[in-house]
Amino acid sequence: GMFPQLDSGSQRLIVVANRLPVSAYKDRSGRWQLQVSAGGLVSALMGVGNFQTKWIGWPGVYIEAGPERDELTAALHSEGYSPVYLDQKTCDLHYNGFCNSVLWQLFHYVPLNIDSKLSETRMLQFQWGAHQLANKIFADVVLQHYQDGDIVWVQDYHLMLLPAILKEHKPRMKVGFFLHTPFPSSEIYRTLPVREELLRSVLKADLIGFHTYDYARHFVSACTRILGLEGTPSGVEDNGSLTRVAAFPIGIDPDRFTEALEMPEVKANIAQLLNRYAGRKVMLGVDRLDMIKGIPQKLLAFEKFLEEHPEWRDKVLLVQIAVPSRTDVPEYQRLRSMVHEVVGRINGQYGTLTHVPIYHLDRQLSFNELVALYAITDVALVTSLRDGMNLVSYEYVACQRDNAGVLILSEFAGAAQSLGAGAILVNPWNINDLSQAIEYALMMSDHGEACYKALRPHNDVGWSPLYERHTWADTFISELNDTHVEAELRTKN
Ligand code: G6P
């Protein structure tokens, strides 16, 4: 399948993430179907390295114990996935509440707020309780599958309490932790009421990884300022025991994209789109519908560009793919209405009987459709207000061949640290600047080969291994193995 189990001789790896790489849903005939989950974490870990991999995570649905659930469990097991089931109330408070209304926001520099729930002063307390419980339930499943010598790699902000629980049961377990979001400045992190509990648990891991050096640095200063521990160049020290902290920038699997470009279905798709959009420049945004992606900012800049450049009005279109995400969380519902309103306004104002400036889709595309779209796009717009890495920017670049695609990239995306040199970097809050960047990018995209070369994270030989996903996973895991050996030696002495 998509997430291959590798040869049995290799090392066993247990990947634990809140969400499995596939999410379950029921089709019209009431049968379980599995769909590839959205988001950077899944793209990142798909088919990771030379390990015998077991995935543990939430399948994305609530379902009571019983024959139906057994059916789903069996379907997941056959693909190498072990589901963690949470009841609806726990999941709502843990996932929608603590993870996505509190941690996700704070880690992306959105301050805690107290407006809507003022009457429910104990809300955070309930959410925290559910969060602890959820982590406990995840830990139970990990412990069921764990064998001595396994590597356990815990992913992301949902599971920061896991390292402590796991080590408490199995002090010699090799535990890695990776955060896929930014880790914010300690000045914002310290507002979190449970700031110490999370840090202390994560520090129980042997190795903690981040996408950029800045996030690692912020984490270390949170540990020194809030816990009073000592930060060293290689991590955080507590009473002589060291937790390694380092940056491991993630990449993609470029071959998956370049190979897809050769497929007849994708080629046909490309031809169709080129024909459909003939005579116009195509700009593209591909984002989960999330406030961190800066979709309103992108739309406002496009509106301003159309307003100031009448000559471009019927010569350019923006395709915005807004993949629905966390649809039960009120902030996400409000964002959706706002985006729809702005899209409607722009199309109403600048559309004609034969031309619509924005094609807005509220859905996930198939992989082949996405590759075709990347391939024909003249200018891609990544306008994140904060973003752990942002792999859409890498994917777009991987799909540029003879097409002279240009990337406009927010300086607040982790990817700006690696792709920055080949992209037009912008502050998405500066609508004027962003609108000018659009004009400049559209002109650049006419100049062909020369700039396309500058935009690729590769030399003439090929894509730089630095930007490949397997390098990321391999480096993290070999470093984890080394770190663990050192720690074992220390405890023996
Ligand atoms: C981001 C997070 C992931 C998450 C993904 C999709 O990439 O870092 O942990 O899985 O968004 O969000 P969801 O809430 O649907 O899992």
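M291: within 15 Å of the ligand (Cβ to nearest atom), within 22 Å of R345 (Cα to Cα) and in contact (Cβ under 8 Å) with a residue 12 or more places away in the chain, yes or no?
So M291 passes the test.
I'm trying to understand the selection: among the residues of segment 326-355, which are more than 16 Å from the ligand (Cβ to nearest atom), β-branched (V, I, T) and over 24 Å from L407 (Cβ atoms)?
T352, T354
Only residues that are within 16 Å of the ligand (Cβ to nearest atom) and crowded, with 18+ Cβ neighbours inside 10 Å: list them for segment 311-325, please.
If the condition is that a residue be within 16 Å of the ligand (Cβ to nearest atom) and crowded, with 18+ Cβ neighbours inside 10 Å, then I321, A322, S325 are the ones that fit.
Which of the residues spanning segment 346-365 are surrounded by 13 or more Cβ atoms within 10 Å (Cβ to Cβ) and part of a helix (DSSP H, G or I)?
I346, N347, Y350
Could you give me the residue pairs with C-beta distances under 7 Å whose first residue belongs to segment 22-39 and is without any contact (Cβ under 8 Å) to a residue 60 or more places away in the chain and charged (D, E, K, R), whose second residue is in a strand (DSSP E or B) and away from the ligand (no atom under 15 Å from the Cβ) wherever it lies, and which are 6+ apart or on separate chains?
K26/W32; D27/Q33
Out of curiosity, is H211 closer than 15 Å to L159 by Cα, in contact with a His (Cβ under 8 Å, 6 or more places away or on another chain) and touching a residue at least 24 places away in the same chain (Cβ under 8 Å)?
Taking the combined requirement at face value, the residue does not satisfy it.
On the basis of being of a type in the set (A, V, I, L, M, F, W, C), surrounded by 23 or more Cβ atoms within 10 Å (Cβ to Cβ) and more than 15 Å from the ligand (Cβ to nearest atom), does V194 make the cut?
no
Kindly list, by first and then second residue, each pair from a residue in segment 344-373 that is among the polar types (S, T, N, Q) to a residue that is crowded, with 20+ Cβ neighbours inside 10 Å and assigned to a loop (DSSP other than H, G, I, E, B), limited to pairs with Cβ atoms under 8 Å and residues at least 6 apart or on different chains.
Close Cβ pairs (under 8 Å, with a partner that is crowded, with 20+ Cβ neighbours inside 10 Å and assigned to a loop (DSSP other than H, G, I, E, B)) amount to N347/P357.
Working only within segment 301-320, note down all residues that are in a loop (DSSP other than H, G, I, E, B) and either among the charged types (D, E, K, R) or within 19 Å of the chain's Cα centre (by Cα) (or both).
Within segment 301-320, R313, D314, K315 meet the criteria.
Condition check: away from the ligand (no atom under 14 Å from the Cβ), part of a loop (DSSP other than H, G, I, E, B) and in contact with a helix residue (DSSP H, G or I) (Cβ under 7 Å, 6 or more places away or on another chain). Does P184 satisfy that?
Judged against the criteria, P184 is a match.
Go through L434, L419 for me and flag whichever is among the aliphatic types (A, V, I, L, M), within 30 Å of P111 (Cβ to Cβ), at pLDDT below 95 and assigned to a helix (DSSP H, G or I).
L419
Conditions tested, residue by residue: (1) surrounded by 22 or more Cβ atoms within 10 Å (Cβ to Cβ); (2) over 21 Å from the mean Cα position of the chain (by Cα); (3) over 18 Å from R19 (Cα atoms).
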| residue | (1), (2), (3) |
| --- | --- |
| N100 | no, no, no |
| H108 | no, no, yes |
| L124 | no, yes, yes |
| K136 | no, yes, no |
| A139 | yes, yes, no |
| D150 | no, yes, yes |
| A164 | no, yes, yes |
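Can you name the residue in segment 385-418 that is small (G, A, S) and in contact (Cβ under 8 Å) with a residue 60 or more places away in the chain and, of all such residues, is nearest to F178 (Cα to Cα)?
Looking at the filtered set, the residue picked out is G388.
Taking the conditions exactly as written (over 18 Å from the mean Cα position of the chain (by Cα), within 16 Å of the ligand (Cβ to nearest atom), crowded, with 24+ Cβ neighbours inside 10 Å and in contact (Cβ under 8 Å) with a residue 12 or more places away in the chain), does F177 satisfy them or not?
Here the answer is no, as F177 does not meet what is asked.
Report those strands (runs of 3 or more DSSP E) wholly inside segment 1-86 carrying at least 2 residues which are within 16 Å of the ligand (Cβ to nearest atom) and either modelled with pLDDT under 95 or under 28 Å from P182 (Cβ atoms) (or both).
Where strands (runs of 3 or more DSSP E) fall fully within segment 1-86 and carry at least 2 residues being within 16 Å of the ligand (Cβ to nearest atom) and either modelled with pLDDT under 95 or under 28 Å from P182 (Cβ atoms) (or both), they are 12-19, 22-26, 32-36, 52-58.
Would you please name the residue that is surrounded by the fewest Cβ atoms within 10 Å (Cβ to Cβ), looking only at residues in segment 253-300 that are under 18 Å from the mean Cα position of the chain (by Cα) and in a strand (DSSP E or B)?
Filtering first and then ranking leaves R288.
The values are calculated or read from the model by the stated rules, or taken from the named source; none is laboratory data. Worth saying up front: this structure is predicted, and the values here are computed from it rather than measured. When we count neighbours, we look across all protein chains shown, and the Cβ atoms used for this are built from the backbone with ideal geometry, even at glycine.
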